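Student: Pasting in a structure now, in structure tokens, and then I'll have a few things to ask.
The values are calculated or read from the model by the stated rules, or taken from the named source; none is laboratory data. None of these values were measured; they are calculated from a predicted model. Glycine gets a Cβ as well: all are built from the backbone with ideal geometry, and neighbour counts include every protein chain shown.
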Amino acid sequence: MEAQLDEIEEGSLPWTEMLSGFYETFKNWVSDGIILAAPSNRAVASFIELFPDTIEWAEPTKRGRRTYDDSAFVVSLREQAQKDEKRLSDKQWMALLGLAARYAEQIPGLFEAADELDVRPRIEQLISEIAEAGSQPVTPPTSEDVALVKALTEVDWPPPVKRGRRTFNDRRFYQSIADQVEGGSALSDAQQASLKRLVVKYRKQVPEYDALSKKLGLETPEEPSGEEVEQARALLELANQVNEWAEPRKRGTRVYDDKEFVDSLLQQFEQRGNLTPRQLNALRRTLGRYRDQIPGYDGRAEELKLPGAPSLEPKPTGVKCPKCGEEVVERNARGRTFFGCSGFPKCRYTIRTLPETE
């Protein structure tokens, strides 16, 4: 159970699967954006103490290769809260509220405690939705669901890829979907669309892909030309010559890491044998920032469509600065072009594009 909680925290395991008895209802509830912030571990521990030892827990439920146990889940959260070494995540707190709603009739004082934590409206809403969902039959997987899962059974999955703060693990995602189908539940439209993208991504490892693609209406991208493949290979070879990468830089909530980006493209090229035009252009721009570390860069710039050396000399534009009357000139800095007053540093006027003239 602890391992599953860790996977939930990392975002690699669909945490709603822990609530097997009302999986679909709880998933929809959270997808509506109703995520409540977890209180302190002390408050969580007090809330869990409301669950009496006499609760008649549902039998553990097996979904595919995994077994989900409500009782063990609550025990694990109680231990985490009591140790107070790691604060419960908001999603773990939501999972606990879901269980409280499921076993509400067996938990004395639940609503009084919910009032104190200001979560009573959410628990009441979930109780109602659980009751409604309980009257609905479970939809079995469609033949298309089964075909998609079967198509990927022989894939040699690559290692997880980390991009910024997120980790992408195709194998784990596929296994979660496969468990759901094997457990007798249909895929949602979003899950099916994601699985189709995986089939297309790993199509070279999918037996009889062409026939499957035609049957399921998969959108297969055009194969890259031999020239594009050679360009990608040559650009990645140049990237391997860079020894000192810039430190990751943060802009707003996003972190840009050149080395991580290049490593990701290299892994994708090894898997698929090509890169998209957009990825190739981004790689060219990245390499342009490390031209000084790449032997023979200038000699291959035209062939590989690499950024040329920026001119350090300002270029006159014939436009007057609206602040001081001096001429506005074109400048280059950090690989970008902008326009600024030639009177710098006395005048710091800058503009990204020049105004249109008659």
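Student: Please tell me if ALA72 is in a helix (DSSP H, G or I), at pLDDT 90 or above and either farther than 25 Å from PHE173 by Cβ or not assigned by TED's automatic domain parsing to the domain that holds LEU126 (or both). If you could, list the steps in order and put the result at the bottom.
Tutor: Details: in a helix (DSSP H, G or I): yes; at pLDDT 90 or above: yes; either farther than 25 Å from PHE173 by Cβ or not assigned by TED's automatic domain parsing to the domain that holds LEU126 (or both): no.
No; evaluated as a whole, the condition is false for this residue.
Student: Scan VAL328, VAL319, VAL262, VAL242 and give me the residue that is among the aliphatic types (A, V, I, L, M), in contact with a Cys (Cβ under 7 Å, 6 or more places away or on another chain) and either modelled with pLDDT of 90 or more or over 30 Å from LEU198 (Cβ atoms) (or both).
Tutor: Values: VAL319 fails: in contact with a Cys (Cβ under 7 Å, 6 or more places away or on another chain); VAL262 fails: in contact with a Cys (Cβ under 7 Å, 6 or more places away or on another chain); VAL242 fails: in contact with a Cys (Cβ under 7 Å, 6 or more places away or on another chain).
Going through VAL328, VAL319, VAL262, VAL242 in turn, just one is among the aliphatic types (A, V, I, L, M), in contact with a Cys (Cβ under 7 Å, 6 or more places away or on another chain) and either modelled with pLDDT of 90 or more or over 30 Å from LEU198 (Cβ atoms) (or both): VAL328.
Student: Additional query: Answer yes if at least one residue in region 185-197 is part of a helix (DSSP H, G or I), within 23 Å of PRO277 (Cα to Cα) and in contact (Cβ under 8 Å) with a residue 40 or more places away in the chain, and no otherwise.
Tutor: The answer is yes; a qualifying residue exists.
Student: Exactly one condition in (1) within 16 Å of LEU50 (Cβ to Cβ); (2) surrounded by 22 or more Cβ atoms within 10 Å (Cβ to Cβ) is false for MET94; which is it?
Tutor: MET94 satisfies all of (1) within 16 Å of LEU50 (Cβ to Cβ); (2) surrounded by 22 or more Cβ atoms within 10 Å (Cβ to Cβ) except (1).
Student: Any residue that is touching a Lys or Arg at 6+ places or on another chain (Cβ under 6 Å) and under 25 Å from PRO159 (Cα atoms) - is there at least one of those in region 231-249? Break it down stepwise before answering.
Tutor: The first filter runs over region 231-249 and keeps only residues touching a Lys or Arg at 6+ places or on another chain (Cβ under 6 Å), leaving 245.
Narrowing further to those that are under 25 Å from PRO159 (Cα atoms): 245.
Looking through region 231-249, at least one residue is touching a Lys or Arg at 6+ places or on another chain (Cβ under 6 Å) and under 25 Å from PRO159 (Cα atoms).
Student: Any residue at all in region 276-293 that's out of contact with any Asp or Glu (no Cβ under 7 Å at 6 or more places or on another chain), modelled with pLDDT under 90 and on the phi > 0 side of the Ramachandran plot?
Tutor: No; the residues of region 276-293 include none that is out of contact with any Asp or Glu (no Cβ under 7 Å at 6 or more places or on another chain), modelled with pLDDT under 90 and on the phi > 0 side of the Ramachandran plot.
Student: Separate question: Go through (1) at pLDDT below 50; (2) loosely packed, with under 13 Cβ neighbours inside 10 Å; (3) more than 22 Å from PRO121 (Cα to Cα) for GLY33 and report which single condition fails.
Tutor: All conditions pass for GLY33, except number (3).
Student: If ASP118 passes every condition in (1) in a helix (DSSP H, G or I); (2) surrounded by fewer than 13 Cβ atoms within 10 Å (Cβ to Cβ) but one, which one does it miss?
Tutor: So ASP118 meets the others, but not (1).
Student: Let me ask another. Show the residue pairs that are 6+ apart or on different chains and have beta-carbon atoms under 7 Å apart, the first residue being within region 270-289 and outside the structural domain of TRP157 (by TED's automatic domain parsing), the second being exposed (fewer than 14 other Cβ atoms within 10 Å of the Cβ).
Tutor: Hits for this filter: ARG284/LYS305; GLY288/GLY335; ARG289/GLY335.
Student: To continue, here is another question. Tally up the residues in region 48-81 that are in contact with a Leu (Cβ under 8 Å, 6 or more places away or on another chain) and over 18 Å from GLY109 (Cα atoms), please.
Tutor: Qualifying residue count for the region: 7.
Student: Contact list please: Cβ distance under 6 Å, first residue in region 214-233 and farther than 18 Å from GLN268 by Cβ, second residue among the aliphatic types (A, V, I, L, M) and surrounded by 13 or more Cβ atoms within 10 Å (Cβ to Cβ), pairs at least six apart or on different chains.
Tutor: Partner pairs satisfying both residue conditions: LEU218/VAL200.
Student: Can I ask one more? So which of GLN180, GLN175 ends up being within 25 Å of THR61 (Cα to Cα) and either in contact with a strand residue (DSSP E or B) (Cβ under 8 Å, 6 or more places away or on another chain) or in a loop (DSSP other than H, G, I, E, B) (or both)?
Tutor: Details: GLN175 fails: either in contact with a strand residue (DSSP E or B) (Cβ under 8 Å, 6 or more places away or on another chain) or in a loop (DSSP other than H, G, I, E, B) (or both).
Of GLN180, GLN175, the one residue that is within 25 Å of THR61 (Cα to Cα) and either in contact with a strand residue (DSSP E or B) (Cβ under 8 Å, 6 or more places away or on another chain) or in a loop (DSSP other than H, G, I, E, B) (or both) is GLN180.
Student: Pairs under 8 Å by beta carbon, first residue touching a residue at least 40 places away in the same chain (Cβ under 8 Å) in region 105-117, partner among the β-branched types (Val, Ile, Thr), six or more apart or different chains?
Tutor: Short answer, once both residue conditions are applied: GLN106/THR54; GLN106/ILE55; ILE107/ILE55; LEU110/ILE123.
Student: For SER213, state whether it is surrounded by fewer than 17 Cβ atoms within 10 Å (Cβ to Cβ) and touching a Lys or Arg at 6+ places or on another chain (Cβ under 9 Å). Lay out the reasoning, then the answer.
Tutor: Numbers: surrounded by fewer than 17 Cβ atoms within 10 Å (Cβ to Cβ): no; touching a Lys or Arg at 6+ places or on another chain (Cβ under 9 Å): yes.
So SER213 fails the test.
Student: I'm trying to understand the selection: among the residues of region 233-259, which are over 12 Å from LEU287 (Cβ atoms) and more than 25 Å from the chain's Cα centre (by Cα)?
Tutor: Correct list: ARG233, ASN243, GLU244.
Student: Same structure again: Has region 116-123 got at least one residue that is under 28 Å from the mean Cα position of the chain (by Cα) and modelled with pLDDT under 90?
Tutor: So the first thing to find is which residues in region 116-123 are under 28 Å from the mean Cα position of the chain (by Cα), and the list is 122.
Going one step further and asking which of them are modelled with pLDDT under 90, we end up with 122.
Looking through region 116-123, at least one residue is under 28 Å from the mean Cα position of the chain (by Cα) and modelled with pLDDT under 90.
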